[in-house]
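This report concerns only the one structure given below.
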Protein chains: 2
Amino acid sequence: MDDIDLKILEMLRKNARESLANIGKSVELSAPAIGKRVKQLEEKGIILGYSLKLNHEKLGIRTKAYIILKIHQSSTLKTAYNQIAHLTEVQRCDRITGDDCLCILAFFKDNKELITFLERISQYGVPNTSILLES
Amino acid sequence: MDDIDLKILEMLRKNARESLANIGKSVELSAPAIGKRVKQLEEKGIILGYSLKLNHEKLGIRTKAYIILKIHQSSTLKTAYNQIAHLTEVQRCDRITGDDCLCILAFFKDNKELITFLERISQYGVPNTSILLES
DNA sequence: ATTTTTAAATCGATGTCGTCCATTTGTAAT
DNA sequence: ATTACAAATGGACGACATCGATTTAAAAAT
């Protein structure tokens, strides 16, 4: 990891489909050199993958919510986490300090979907929901 | 927006550097056809860009925190939002329901950086911090 | 100080990829 | 049936990614 690697990451963060040739021009290195560096960044696990920035509203998302889930004594945090983190609506799921809590960020088409979601996760704990108004 | 577009988005979400030719094979369409569809998805603003999934820990991030910022009466939510959302440490910044609050997700190299950040945003409101333990 | 070793870059070659244009196909409307 | 329009195909061409061989450069060892 040197300054050139950082520059590569910065450029790919801005546009993950940027060509290696173009990146090469910016850092004054040949395309194969960039290719090898990127491959190494992947192998080291620094680059985990390449993804999309989407306009969720245009895909029908009308409700986004943070849900703090206070886990029941009867349930374990780990199982709750594993079950919830992979649900399609969930964008982030983090264990946080304080009481045994999960902080869940999830996107929904409508409020009905949100309610269904809340009912589903209620088996693991008590949800406290905040709707996102502006992002 | 049809099923093919959805499939394209799904494939690019998994790997934004996937070649148009490969996507074409999956949906049984030619590469130029995929190229045009992707371009349209960009022009419609559905695809906002292509980005990186990074392992932040391997880049020196040791502290991640959610910070609920209860905005002062003296400060306006809008100015606070605009100032804070663009700080380098900030990953997400959302206005949420309830009191005049911002929910900030931010990453830090160490706790010292977190403290500096909290001091900086204290001019806009009262921060309430939860550290992320597991993601 | 010289040699050896290693990592990393360049160069040239090759196959793949993305994009352009002209043409074709398919669908909906009159 | 004719027209009109949107979208896909196919071929061509320039750009791109990747491979192997070679060169360069810096660090390690003698």
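Couple of notes before you dig in:
- Given A:Lys64/B:Lys7; A:Lys7/B:Lys58; A:Lys25/B:Lys44; B:Lys14/B:Lys109; A:Lys112/B:Lys25, the pairs whose alpha carbons are separated by over 26 Å: A:Lys25/B:Lys44; B:Lys14/B:Lys109; A:Lys112/B:Lys25
- Mean separation of Cα contacts under 8 Å, 6 or more apart, over the residue count of segment A:1-78: relative contact order %: 18
- Tensor-based shape of segment A:56-131 (alpha-carbon gyration tensor, a/c under 1.5 rounded, otherwise prolate or oblate): prolate
- Segment A:56-131, accessible surface, carbon-and-sulfur percent (1.4 angstrom probe): 49
- Neighbours of A:Val126, meaning other residues whose beta-carbon lies under 15 angstrom from its beta-carbon, give a summed charge of -1 when Lys and Arg score +1 and Asp and Glu score -1.
- Our Cα-only numbers for the protein assembly as shown put the radius of gyration and Dmax at 20.5, 59 Å.
- Between chain A and chain B, the total buried accessible area stands at approximately 4200 Å², from heavy atoms with a 1.4 Å probe.
- Among A:Glu43, A:Glu57, A:Glu119, the residue with the largest mean-square fluctuation in a Gaussian network model of chain A, with springs joining Cα atoms closer than 10 Å, is A:Glu43.
- In the assembled protein chains, B:Lys53 presents an accessible area of approximately 80 Å² (probe radius 1.4 Å).
- Top of A:Leu114, A:Leu59, A:Leu12 by mean-square fluctuation, Gaussian network on chain A, Cα under 10 Å: A:Leu12
- Rounded FRET efficiency, nearest 0.05, which uses the C-beta distance separating A:Ser19 from B:His86 and R0 of 25 Å: 0.35
- Rounded if a/c under 1.5, otherwise prolate or oblate - chain B, Cα gyration tensor axes: prolate
- Distances between equivalent label points of A:Ser74 across the copies, with each point positioned 7 Å along Cα→Cβ, amount to 5.0 nm, shortest listed first.
- Of all lysines in the structure, those lying under 16 Å Cα to Cα from B:Lys78, and not within fewer than 8 positions of it along the same chain, are B:Lys70.
- Shown for B:Lys112: label points 7 Å from Cα along the beta-carbon vector, and their distances to the equivalent points in the other copies, 5.5 nm in ascending order.
- For the axis carrying chain B to chain A: nearest C-beta residue of B, whole Å: B:Ala16, 2
- Copy-to-copy label distances for A:Leu133, where each label lies 7 Å from Cα along Cα-to-Cβ, are 3.1 nm in order of increasing length.
- Chain B: angle of helix B:3-14 to the longest principal axis, Cα-based, in degrees nearest 10: 50
- Probing with 1.4 Å while keeping every protein chain in the model, the per residue accessible area of chain A equals 55 Å².
- Relative contact order (%) - criterion: Cα under 8 Å, at least six apart; region: chain B: 24
- Counting every C-alpha pair in segment A:3-44, the share spaced more than 14 angstrom apart comes to 37%.
- Modelled label positions at A:Met1 and A:His72, each set 7 Å beyond Cα in the direction of Cβ, lie 4.2 nm from each other.
The values are calculated or read from the model by the stated rules, or taken from the named source; none is laboratory data. Everything numeric here is computed off the predicted structure, so don't read it as measured data. No Cβ is skipped: glycine too gets one built from the backbone with ideal geometry, and neighbour counts run over all protein chains shown. Protein only, heavy atoms only, side chains kept; ligands, DNA and RNA dropped before computing areas. Shrake-Rupley method; radii C 1.70, N 1.55, O 1.52, S 1.80 Å.
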